Amino acid sequence: MLFKGIPASHGIAIGPAFLLKVEQLRHARISLESSAETEQEIVRYRNAISGVRHDLENIADSMGDVVEGRQILEFLLLLLQDPTIKKEVESRILSEMVNAEYAVSATLRGVMEKFNVMADPYIRERVADVRDVGRRVIEKLTGTEKEALKNLDQPVILVAKDLDPSETAGLKPGQVLAIVTDMGGRTSHTTILARGLGIPAVVGLQRIAPEINPRDILIVDGIHGHVIVNPTSEELRYYRDIREKFQEAENLLQQMNPGPALTEDGVRFELAANIELPHEVELVRKLGADGVGLFRTEFLRLIQENGENEEDHFQIYNRVASEMMPKPVIIRTYDMGGDKFRTGLDSVREANPFLGYRAIRIGLDRPVEFSIQLRAILRASVHGNIRLMFPMVTHVEQLRRLRDLLGMVRNDLTAGGIQFDDKMQVGIMVETPAAVIALDLMLPYVDFVSIGTNDLTQYTLAVDRGNPQVADLYDPFHPAVLRQIDTVVRLCHSQRKWVGICGSMAGDPLAVPLLIGFGVDEFSVAPSLIPDVKKMIAVVTTHAAREMAEKSLSIETGLRVRALVHSYVVGKYPEILLDENDWKTGG
Ligand code: PEP
Ligand code: MG
């Protein structure tokens, strides 16, 4: 039986299933009689928090230099000690006169519900973190800490509806061969941790957990997101062979790739990271990225407790830029609306939000508010190598108005005696066919361009990027998208402007050779994809890449373009090998 999910952590594993039951965050409500009892509950709650803090700190210490693991545990510690949550739990105990376990479960379920309705997948995936913390506190209160994972006596493949991040952090790679979950996405903490620990993982399988029995034999293909339950002997032989090749390739590539991103013939490409939250910068530095190619700032709305304010923006940009110094950090101004969350927008409901009130359209409509962000970026620019980027530009007039607004903010700062980098580069994202076709008219106003293939694909093919019903039509390898990338690079280079790519396509191993061939100057990808993209760059020669890119422009379908690249890299990058059947059957 084959299940398809999201490939979350590369690698192949074969072994027996171990089913892990994750309890719901619920607890019986017990009514208390007196204020002495409620006081007692508050003491128990506070002791439980200290106990859990101690446990999490111990796990963090045991993570050694798995930086992403320690960062995630730090996030859990923050959640655990969050003053708003603490206050709510304690006031529930006092006002509702209930037991601490119930107050914790009710409060945290409320937080989970709030996270769950956020449009942004990153925030939704933090639900697992909240449940993790809640479960630990309740277990501490009731004295029933889960032992299951610690008692494993043979290497297993862990199967769960969902896996809490701190449980994942406590796993030993030799003991857990792979992780398979129904929930989760590419950005959930469990996924990031699995990658950090080098444990193959497939997540987002939706309905695999109820289908698997203890000790079923599983093949987990963390490269393509496949899980085979009780495979045939032929499948086993095939995957054992692949697993061996994969291991050999991993060792070889790891040895050969500690430094900058170089092609096989020694040409260097900038390999930067996309980040959403400031703390990601530590990981980005550790990975040796050449900079932050896209700092999505929408999330700052969530952490600004006192509403939109310049100081919060400034502190964050300053921190990220100084930590990355001297490497560049591209800060993208707010890209609210569309599929992104709309906190604080109080805009009317739109029939077509992707075509509506979003990104710089909002900024230009509310210049006073927008200037707060621009001021903060400019102020931070003296403390690091900051570049500013505007998303969703479709009209040259918008660009003129944006430059005017920026000019006004600069004048204000100068008048106030506040320093900024007056040579700060200003660029735009190219995310719509309009921006591609009219790019020659826009380029005189910008220093650089970054291609946002997520939106460019959606607007070119008229396919909602988040709608699973039309997901099969969403293809960045479509000739209409590839031809636009080629056009953009040529135009930029003809006017001596550099061009990067920061859509997810930049992190797709099969796209990397093509993008090298088209001549993009910079790749910006999710931090966890940096090693893979670097490996892919290393197995390509610029000559072959150019040939492939040129050929791709006259190929009819995206699938055939992938097959073209696949046939080139298949001997050099064995992980790709598994997709061979797809190329044979596809049109
Ligand atoms: C893009 O559209 O490709 C992009 C990088 O921006 P976002 O995914 O944030 O819309
Ligand atoms: Mg976009």
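Here are a few things to note about the model shown:
- The residue list ALA511, ALA480, LEU355 was ranked by how far each Cα lies along the charge dipole of the chain toward its positive end, using unit charges on Cβ atoms, and ALA480 comes out on top.
- For the chain, the share of DSSP beta bridges that are antiparallel, to the nearest 5, is 30%.
- Which of MET183, MET442 is most accessible, then next, and so on - probe 1.4 Å: MET183, MET442
- For region 297-424, the alpha-carbon coordinates run over 43, 31, 26 Å along the three principal axes, in decreasing order.
- Cross-link table LYS286/LYS327; LYS286/LYS497; LYS87/LYS114, entries beyond 19 Å C-alpha to C-alpha: LYS286/LYS497
- Between the C-alpha center of region 309-340 and that of region 426-457 there is a gap of 20 Å.
- Contour minus Cα-Cα distance for VAL67 and LYS245 (0.36 nm per residue): 61.3 nm
- Three principal axis extents of the chain based on alpha-carbon atoms, in descending order, are 76, 70, 44 Å.
- Region 429-576: radius of gyration over Cα atoms, expressed as a fraction of 2.2 N^0.38 Å: 1.00
- The calculated FRET efficiency for the pair GLU211 and ALA415, based on their C-beta separation and a Förster distance of 51 Å, comes to about 0.15.
- Distance from region 172-243 to region 482-533 (C-alpha centre basis), Å: 31 Å
- 1.4 Å probe accessible area per residue over the chain, in Å²: 43 Å²
- Taking the Cα centre of the chain as reference, the dipole from Cβ charges on Lys and Arg (+1) and Asp and Glu (-1) amounts to some 580 debye.
- Dipole orientation for the chain: of the candidates PRO326, ILE219, PHE75, PRO326 has the Cα lying most toward the positive pole (charges on Cβ; Lys, Arg +1; Asp, Glu -1).
- Solvent-accessible area of the chain (1.4 angstrom probe, protein heavy atoms only): carbon and sulfur portion equals 51 percent.
- Helix-only arithmetic for the chain: the sum of -39500 (n - 2.57) across DSSP H runs with n ≥ 4, divided by the residue total, places the mean residue ellipticity at 222 nm at -14000 deg cm²/dmol.
- Grouping the Cα pair distances of region 35-142 into 5 Å bins from zero gives a pair-distance distribution of 2, 13, 22, 22, 18, 12, 7, 3, 1, 0 percent in increasing distance order.
The values are calculated or read from the model by the stated rules, or taken from the named source; none is laboratory data. On a predicted model such as this, the values are computed, not experimentally measured, just so you know. Cβ atoms come from the backbone with ideal geometry, glycine included; neighbour counts cover every protein chain shown. For accessibility, only protein heavy atoms count, side chains too; no ligands or nucleic acids. Shrake-Rupley method; radii C 1.70, N 1.55, O 1.52, S 1.80 Å.
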